[in-house]
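Encoded as structure tokens, the structure appears first; notes follow it.
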Amino acid sequence: MKPLLLAMPGNERMADALAAALKADRCPVTIRHFPDGESYVRIAGDVAGRETIIVCTLDRPDEKLVALCLLAGAARENGSSRVGLVAPYLAYMRQDRRFNDGEATSARHVARWLGAQFDWLVTVDPHLHRIRTLAELYGIPSQVVPAAGAIAEWISSNVRQPLLVGPDEESAQWVADVAGRIGAPHVVLTKTRRGDRDVSVSVPQIERWKGHTAVLVDDIVSTARTMVETVRGVRECGMAGPVCIAVHAIFAAGALGELQDAGAAQVVSADTVVHPTNAISLAAPLAIAIREMLEAGSGR
Ligand code: R5P
């Protein structure tokens with residue numbers, strides 16, 4: 001039997017692309033809220049005995065998690081053989097330890113909730129920092145799809161003489177990977193964050209690359225303070241307005257405008273979170289990872 005793809009609201013386009021790539025069936029769902037705010041979910045099709053894949057990117061996660069868990073529960077109680085989660089953006093990865101007494105290590109709690117509902121997980125470049133692998137967090141099989149290949153292809157086709165710039169040491173992994181794939185130079189800046197919107201960066205010597213086009217790459221753009229300060233730093237070195245690339249275009253209210261006002265020449269993103277800047281499709285590598293998950297499970 002073909003696998004069945006269910007889309008949480010807002011994920012229909014990605015689910016359609018994945019269904020086409022996987023030659024899987026799509027199945028509609030109803031998700032609505034009762035007057036008191038509780039969630040109602042219903043799968044409008046027969047899941048019995050079938051591999052069920054729920055597509056739900058997890059930006060603005062608090063609005064989605066309850067209905068997502070209920071949908072996984074509905075699949076299970078209606079007989080799905082296994083239930084997998086495709087979350088192109090995986091939320092709650094940054095609070096990966098207790099920075100202050102009394103805090104919750106949110107990454108671990110959310111991983112336990114999702115791990116209890118799903119048999120496997122596929123995501124794109126989760127924010128792994130102090131926790132080094134997804135397997136340290138999630139007790140279910142998981143696959144990470146790197147965005148670097150698709151980003152490198154986009155840069156190759158769209159940017160002349162790129163200089164890859166990572167705004168902080170955490171971005172070094174992505175920037176070095178992308179730069180290596182296209183044979184471009186790269187630099188990594190040092191970032192100091194004092195609060196959600198209070199960020200500064202220091203730019204190393206980049207004058208020797210003045211003729212290049214700076215291409216800033218970060219995994220998440222949320223308030224855009226990191227990108228804004230990096231754009232400023234690069235321009236203060238006498239370089240032209242850079243191209244900014246986000247893997248996960250979270251973009252809090254007003255953030256895109258602030259980035260454009262700071263002098264970004266172009267802002268683009270991968271399509272893990274639906275956003276007007278989406279220009280880099282990750283459906284093909286996601287489908288490959290999902291297929292591997294399905295094949296791994298079929299032998300059990
Ligand atoms: C943090 O380490 C991440 O890699 C991003 O740099 C960060 O999440 C960006 O956040 P914001 O856009 O709010 O500066």
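The values are calculated or read from the model by the stated rules, or taken from the named source; none is laboratory data. From a predicted model like this one, the values you see are computed outputs, not experimental measurements. Cβ: placed from backbone, ideal geometry, glycine included. Neighbour counts: every protein chain shown. In case anyone asks, the SASA skips ligands and DNA or RNA and just uses the protein heavy atoms, side chains included. Shrake-Rupley method; radii C 1.70, N 1.55, O 1.52, S 1.80 Å.
Okay, here's what the table says:
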item	result
Neighbour net charge for residue 64 - beta-carbon separation under 15 angstrom, K R +1, D E -1	-3
Inter-label distance, nm, simple model (7 Å from Cα along the C-beta direction), residue 38/residue 12	2.7
Square roots of 5 times each gyration tensor eigenvalue, C-alpha, the range 2-154, largest first, Å	26, 20, 14
The chain: angle of helix 148-158 to the longest principal axis, Cα-based, in degrees nearest 10	50
Ranked by how many other beta carbons lie within 10 Å on average, peptides 115-126, 19-30, 173-184 from highest	115-126, 173-184, 19-30
Simple Cβ-charge dipole of the chain, Lys/Arg +1 and Asp/Glu -1, about Cα centre, in debye nearest 20	300
For the chain, the longest site-free run once GluC sites (Glu not before Pro) in DSSP loop states with at most 15 other Cβ atoms within 10 Å are removed	104-300
Rounded tilt (10° steps) of 283-298 against the dominant C-alpha axis of the chain	40
Sites residue 295 and residue 133 - FRET efficiency at Förster radius 22 Å, r taken between beta-carbons, to 0.05	0.55
Share of alpha-carbon pairs per 10 Å distance bin for the chain, given as whole %	6, 27, 32, 22, 11, 2, 0
Amide hydrogen neighbours beyond the local backbone of residue 92, cut-off 5 Å, H modeled	none
Alpha-carbon centroids, the range 54-100 and the range 209-287: separation in whole Å	26
Under the Karplus curve 6.51 cos²θ - 1.76 cosθ + 1.60, θ = phi - 60°, whole-Hz ³J(HN,Hα) for the range 211-222, x wherever Gly or Pro sits	x, 8, 9, 5, 10, 8, 10, 9, 6, 10, 10, 10
For the chain: accessible area per residue (Å², 1.4 Å)	45
Charge dipole (the range 112-249, unit charges on Cβ, about Cα centre) - positive-most of 187, 131, 176	187
For residue 142, residues with placed amide H under 5 Å, excluding near neighbours	121
Size-normalised alpha-carbon gyration radius of the range 74-141, reference 2.2 N^0.38 Å	1.21
DSSP beta bridges in the chain [antiparallel fraction, %, rounded to 5]	20
Cβ-placed point charges (K, R +1; D, E -1), dipole of the range 22-115 about Cα centre in debye, nearest 20	300
Amide H within-cut-off set for residue 269, under 5 Å, with H built and near neighbours excluded	246, 278, 279, 280
Cα-centre dipole for the range 84-179 with unit charges at Cβ (Lys and Arg positive, Asp and Glu negative), debye to 20	140
Förster radius 51 Å - calculated FRET efficiency between residue 172 and residue 2 (Cβ-Cβ, nearest 0.05)	0.80
Carbon + sulfur, % of accessible area of the chain - ligands and nucleic acids excluded, 1.4 Å	48
Crossing angle, helix 12-22 versus the chain [Cα axis fit, 0-90 degrees, rounded to tens]	80
